[in-house]
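J.: My questions all concern the structure below.
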Amino acid sequence: MKKAIIIISVVLAIVLIVSGAIGIVIYQKNKKEGEDKPEEVLEEYISLISNREYEKMYELLDSESKEKISQEDFITRNKNIYEGIEANNINIELKEVSKDASTAKIPYNISMDTVAGKVEFENQMELVKENKEYHIKWSSKLIFPNLEDTDKVRVHILESERGNIYDRNDIMIGGKGIVSSVGLVPGKMNEENEKDIEKIASLLGVSKESIQNKLSASYVKEDTFVPIKQINSKDTELENKLLEIKGIKITNEESRVYPYGEVTSHLLGYVQNITAEDLEKNKDKGYTSTSIIGRSGIEKIYEDKLRGRDGAEIYITDEDGLRKETIQQKDRVNGEDIKLTIDINLQKKVYDQFKEDKSAQVVMDYETGELLALVSTPTFDSNDFVLGMSDIKWKELQNDENKPLYNRYQATWAPGSSFKPLIAGIGLTTNKINPEENFGNVGKEWQKDSSWGNYKVTTMTAYGDNVNLRNALIHSDNIYFAKAALNIGSEILEEQLKKIGFHKDLDFNLGAKSSQYSNSENIETEIQLADTGYGQGQVLVNPIHMASIYSAFMNKGNMITPYIEYKENAKATILVENAFSEDACKRINEALIQVVEQGTATAAKIPGLTIAGKTGTAEIKDSKDDKEGTEIGWFNSYIIDGKNKILMISMVEDVKNKDGSHYAAEKVKNVYESIK
């Protein structure tokens with residue numbers, strides 16, 4: 001752990017937050033009406049400190065003090081000390097003023113908040129009259145009573161450690177690690193080094209000018225190690241290329257690292273150096289200009305737990321550098337470690353299956369609600385943000401049409417036929433669907449009546465004349481579920497969808513967007529109602545929310561709350577009790593098993609393992625006649641009799657030319673086979 005020493009004798013690059021006015025309680029005796037008041041000069045002086053108006057402070061000094069210290073030195077000393085210790089909220093309490101015809105003494109108590117905590121002490125100001133006005137006899141003792149003009153005030157920052165992030169098996173997936181610091185030693189470089197610098201800049205993704213500026217810094221000598229950039233310590237190929245260049249030196253440094261890189265990047269996010277804007281937003285939370293802050297993912301969501309609170313010590317040294325006095329000290333507090341429900345081995349298996357796709361993957365224990373894997377692809381490498389990303393790399397990420405920075409499991413998507421089990425559950429629970437009723441074979445297209453104009457609901461498969469709930473689920477019959485939604489009616493359907501979390505804030509502490517059944521609070525038309533029945537229309541569902549809904553089918557109709565922070569002896573928390581009736585869940589389970597055994601999801605069938613699931617292909621079109629639209633493929637499934645009580649929600653974009661939702665089903669099968 002590094003300890004930062006800040007010597008308050010040069011201008012410090014510290015971002016300060018100065019708050020409020022100064023509260024002053026004045027106790028005065030024997031005032032005479034119209035008498036000049038030296039205490040008002042003290043009040044003004046303290047106010048100017050708070051407002052960082054050092055030039056005006058200097059104007060209040062007497063002529064003798066101005067002879068001893070120039071305005072420039074006065075400003076530099078006061079600025080460096082007050083801003084170096086981050087003094088704010090300065091309050092004084094005046095005591096009895098003593099004065100004669102030409103001088104005055106004002107004892108007072110002063111308190112201020114600093115980087116090391118609250119500082120309080122007694123002090124005294126002396127003033128002399130010049131031209132009938134009081135002026136301050138100044139010395140460094142006005143800053144701290146024992147501070148001589150030749151002394152220095154130092155701030156010693158005790159950097160805290162950020163908590164590590166572990167998976168459920170105590171494998172560190174984010175935390176303190178080693179990176180390689182690449183730098184140059186000027187005395188060992190070639191005399192003609194311009195081409196070398198260009199090569200280094202290209203290899204490290206930094207500008208040639210930034211390297212030259214670092215080499216020309218005032219502190220740099222022939223034997224100085226000038227750090228240029230940190231790189232991944234495992235990137236031996238890059239290190240070897242760099243070491244071919246004269247003057248390059250590579251050392252090890254501690255840093256925040258993410259050992260699994262792209263596998264966990266959307267999940268964990270990353271940290272970065274704090275900005276002035278961050279400091280302003282979090283001004284009461286103890287951050288300093290040297291802090292790091294979680295920028296996305298778990299790093300951001302659990303920032304208050306993970307972050308440490310730096311300690312600090314303010315002390316005085318004499319002109320020889322010997323410590324004279326400690327003014328204030330605050331101990332550091334390290335951040336807490338976080339243990340997640342994630343299984344990193346399963347996370348990697350899921351990622352490997354879908355890394356070439358645009359997809360969202362959610363794996364949950366349907367008995368406990370533990371989230372075992374959360375994957376969004378394509379992705380990025382969190383380490384790039386911590387080590388320092390080049391402008392070129394950043395622009396590539398931002399402009400990539402596949403949107404690798406976009407977290408897809410936090411978003412909402414048209415669910416297509418994967419929504420049909422929800423309609424079945426609602427219809428059975430409210431007795432608006434008779435599971436044995438035959439809706440009749442009407443072919444592959446249907447409309448309620450001529451009031452729909454040219455609009456018709458279409459389905460892919462004709463499967464015979466017994467058009468009941470079970471068969472409609474097995475063969476994914478759009479027409480059946482359009483009719484089912486009309487039977488349920490918009491009022492009941494809206495009420496039941498709200499009951500199970502639609503149009504509600506259910507981010508599960510993961511930033512998940514709210515699911516919706518309509519762009520407004522209502523399903524406006526019969527056609528929209530019919531389309532809603534098979535997961536089209538204006539329906540959008542978040543994949544994590546979808547996992548919770550599907551968990552009800554294996555929990556007697558109770559939706560389980562997904563969660564990600566590990567708990568010993570995990571027990572389920574019910575998100576929605578009796579989301580569906582037990583009988584509805586039993587019937588849906590039986591049908592979804594057959595979807596895998598003989599229906600639309602046979603691609604996921606694994607001999608010896610009972611899997612229930614539902615495919616879904618959602619069309620994304622500009623209009624009904626759009627032939628160029630894309631398709632989203634879903635496969636929502638769960639293992640019924642395996643040792644792992646796993647439920648997996650899989651959503652893949654652009655499956656139109658990849659065999660639709662069968663593409664997702666095949667990949668989910670590969671995941672299941674790897675863990676059975």
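J.: Residue check, E370 against (1) over 28 Å from S551 (Cα atoms); (2) buried (at least 22 other Cβ atoms within 10 Å of the Cβ), all met but one. Which one?
T.: Result: E370 passes all but (1).
J.: Does I85 meet the test of being within 30 Å of L279 (Cβ to Cβ), out of contact with any helix residue (DSSP H, G or I) (no Cβ under 6 Å at 6 or more places or on another chain) and either aliphatic (A, V, I, L, M) or assigned by TED's automatic domain parsing to the domain that holds T317 (or both)?
T.: The answer is yes for I85.
J.: Follow-up. Among the residues in the stretch 166-175, are any closer than 30 Å to T264 by Cβ, among the hydroxyl-bearing types (S, T, Y) and in a strand (DSSP E or B)?
T.: Scanning the stretch 166-175, I find at least one residue that is closer than 30 Å to T264 by Cβ, among the hydroxyl-bearing types (S, T, Y) and in a strand (DSSP E or B), so the answer is yes.
J.: Let me ask something additional. Evaluate the following for V153: is it touching a strand residue (DSSP E or B) at 6+ places or on another chain (Cβ under 7 Å), in the same structural domain as Y45 (by TED's automatic domain parsing) and farther than 28 Å from S289 by Cβ?
T.: Taking the combined requirement at face value, the residue does not satisfy it.
J.: Which residue out of D331, D320 is touching a residue at least 24 places away in the same chain (Cβ under 8 Å) and over 28 Å from A414 (Cβ atoms)? Full working, then the answer.
T.: Values: D320 fails: touching a residue at least 24 places away in the same chain (Cβ under 8 Å).
None of the other options fit; the residue is D331.
J.: Still on this structure, please answer the following. Do we have any residue at all in the stretch 339-346 that's in a helix (DSSP H, G or I), of a type outside the set (K, R) and in contact with a helix residue (DSSP H, G or I) (Cβ under 7 Å, 6 or more places away or on another chain)? Spell out how you get there, then give the answer.
T.: Going through the stretch 339-346, the residues in a helix (DSSP H, G or I) turn out to be 344-346.
Next, only the ones that are of a type outside the set (K, R) stay: 344-346.
Right, trim to in contact with a helix residue (DSSP H, G or I) (Cβ under 7 Å, 6 or more places away or on another chain) and you get 346.
Within the stretch 339-346, one or more residues are in a helix (DSSP H, G or I), of a type outside the set (K, R) and in contact with a helix residue (DSSP H, G or I) (Cβ under 7 Å, 6 or more places away or on another chain).
J.: Continuing with the same structure: Could you tell me how many of the residues in the stretch 279-325 are polar (S, T, N, Q) and modelled with pLDDT of 95 or more?
T.: Residues flagged as polar (S, T, N, Q) and modelled with pLDDT of 95 or more within the stretch 279-325 amount to 2.
J.: Does the stretch 335-344 hold any residues that are closer than 30 Å to H156 by Cα and buried (at least 17 other Cβ atoms within 10 Å of the Cβ), and which are they?
T.: The answer is G335, I338.
J.: Here is a further query. Could you look through the stretch 455-485, keep only residues that are of a type in the set (F, W, Y) and surrounded by fewer than 22 Cβ atoms within 10 Å (Cβ to Cβ), and pick out the one that is farthest from L592 (Cα to Cα)? Write out each step before concluding.
T.: Within the stretch 455-485, the first condition is being of a type in the set (F, W, Y), and the residues that meet it are 455, 463, 480-481.
Retained after the next criterion (residues that are surrounded by fewer than 22 Cβ atoms within 10 Å (Cβ to Cβ)): 455, 463.
Numbers: Y455: 30, Y463: 17 Å.
The qualifying residue farthest from L592 (Cα to Cα) is Y455.
J.: Based on this model, can you work out whether R162 counts as in a loop (DSSP other than H, G, I, E, B) and modelled with pLDDT of 95 or more?
T.: Yes.
J.: How many residues does the stretch 425-449 contain that are over 27 Å from Q496 (Cα atoms) and either at pLDDT 95 or above or acidic (D, E) (or both)?
T.: The number of residues fulfilling the criteria is 1.
J.: Filter the helices (runs of 4 or more DSSP H) completely within the stretch 199-297 down to those with at least 1 residues that are more than 30 Å from A116 (Cβ to Cβ).
T.: 208-215, 236-243, 265-268
J.: Regarding the stretch 59-69, can at least one residue be identified that is under 49 Å from the mean Cα position of the chain (by Cα), within 30 Å of D310 (Cα to Cα) and either in the same structural domain as P145 (by TED's automatic domain parsing) or in contact (Cβ under 8 Å) with a residue 40 or more places away in the chain (or both)?
T.: Restricting attention to the stretch 59-69, the residues satisfying the condition of being under 49 Å from the mean Cα position of the chain (by Cα) are 59-60.
With the extra rule that they be within 30 Å of D310 (Cα to Cα), the set shrinks to none.
Within the stretch 59-69 (the criterion being under 49 Å from the mean Cα position of the chain (by Cα), within 30 Å of D310 (Cα to Cα) and either in the same structural domain as P145 (by TED's automatic domain parsing) or in contact (Cβ under 8 Å) with a residue 40 or more places away in the chain (or both)), the answer is no, since none of the residues qualifies.
J.: Follow-up question, since we're still on this one. Scan the stretch 391-447 for residues that are in contact (Cβ under 8 Å) with a residue 40 or more places away in the chain and assigned to a loop (DSSP other than H, G, I, E, B) and jot them down.
T.: Across the stretch 391-447, the qualifying residues are N402, K403, N407, A411, T412, A414, P415, T430, K432, I433, P435, F439.
J.: Could you list all residues from the stretch 98-141 that are surrounded by 14 or more Cβ atoms within 10 Å (Cβ to Cβ), of a type in the set (S, T, Y) and outside any loop (DSSP other than H, G, I, E, B)?
T.: T103, Y108, S111, T114, Y134, S140
J.: Give the residue that is farthest from T461 (Cα to Cα), with candidates limited to residues of the stretch 583-612 that are acidic (D, E) and loosely packed, with under 14 Cβ neighbours inside 10 Å.
T.: Step by step, filter the stretch 583-612, then rank; the result is D583.
J.: Quick check on S216: is it closer than 30 Å to R307 by Cβ, free of Cβ contacts under 8 Å to residues at least 24 places away in the same chain and small (G, A, S)?
T.: Answer is no for this residue.
J.: Within the stretch 289-319, how many residues turn out to be surrounded by 19 or more Cβ atoms within 10 Å (Cβ to Cβ), of a type in the set (V, I, T) and farther than 20 Å from I338 by Cα?
T.: 2
J.: Report the residue count in the stretch 289-323 for those that are at positive phi and within 9 Å of the chain's Cα centre (by Cα). Can you show your working first?
T.: Taking the stretch 289-323 and keeping what is at positive phi, we get 297, 321.
Now drop any that are not within 9 Å of the chain's Cα centre (by Cα), which leaves 297.
Of the residues in the stretch 289-323, 1 are at positive phi and within 9 Å of the chain's Cα centre (by Cα).
J.: Quick one: F508 ticks every box in (1) surrounded by fewer than 21 Cβ atoms within 10 Å (Cβ to Cβ); (2) closer than 20 Å to T617 by Cα except a single one, so which number is it?
T.: Here F508 meets the rest and fails (2).
The values are calculated or read from the model by the stated rules, or taken from the named source; none is laboratory data. The structure presented is a predicted model; accordingly, all values stated were derived computationally and were not measured. Ideal geometry is used to build each Cβ from the backbone, glycine not excepted, and the neighbour counts take in all protein chains shown.
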